[in-house]
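Some notes on the structure that comes next.
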Amino acid sequence: MQSPVFEVCVGGEFNSIHIVALPIEIVEPFVKNGHKRVKVVASFEDKSISFHAALQKRQGRYFMMFSKNNQKSLGIFPNDYFQLQFFEDNSKYGVDVPEEFEAVMLSDYEAYQIFESLTIGKKRGIIYMISRYKNSQTRIDKSILLCENLKRGIRDAKDLLKPL
């Protein structure tokens, strides 16, 4: 399932620099098919990025968050119009999983079991925490630290990547 390409801007009717209002005719087919999250391709001029997003509803209108980092990557400013296209999100966690994180999890079954027992939102948050590191070795090191902290019983997100 995929949407046609459509045009949006950041801000607009929700009056926030991190929110994009979405056309109901684009969102409803996804929501009716049980998709609360979508894979998004955003394009502006000669740049394009992809990410996962939650389809949210407020006051009868649909919207999604569009981070400052995504805006910077595309080179857009509030009220710039850019293109979006939605695709069905078939990922396990609703986010792209770094290879390093996946490899470390596969090597530590106990930590993997603990990780899998967490809520989907908490799992996604942990994956985002690991993903933000640009260096592959850092992602490996942080994934190992995460596994150790999970096995120690630490569940608070702010403490999961802190060495003891």
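List of remarks:
- The share of accessible area on the range 1-89 that comes from carbon and sulfur is 49 percent, using a 1.4 angstrom probe.
- Across His18, His35, the residue with the most accessible area heads the list, and the full order at a 1.4 Å probe is His18, His35.
- Rounded D (µm²/s) - the range 11-164, Kirkwood Rh over Cα pairs, Stokes-Einstein at 20 °C, 1.002 mPa s: 124
- The candidates Met105, Met1, arranged from most to least accessible area with a 1.4 Å probe in the full protein assembly, appear as Met1, Met105.
- Computed accessible area, Ile154, all protein chains, 1.4 angstrom probe, square angstrom: 40
- The value given for the range 105-164 is a Kirkwood hydrodynamic radius of 11.5 Å, derived from the mean inverse Cα-Cα separation.
- Rolling a 1.4 Å probe over the protein heavy atoms gives the range 38-160 an accessible area of 56 Å² per residue.
- Modelled label positions at Arg61 and Val5, each set 7 Å beyond Cα in the direction of Cβ, lie 2.6 nm from each other.
- Cα gyration tensor shape for the range 1-76, rounded if a/c is under 1.5, else prolate or oblate: oblate
The values are calculated or read from the model by the stated rules, or taken from the named source; none is laboratory data. Everything numeric in this text was worked out from a predicted model, so none of it was measured. Glycine gets a Cβ as well: all are built from the backbone with ideal geometry, and neighbour counts include every protein chain shown. What goes into the accessible areas is simple: the full protein's heavy atoms, side chains included, and nothing from ligands, DNA or RNA. Shrake-Rupley method; radii C 1.70, N 1.55, O 1.52, S 1.80 Å.
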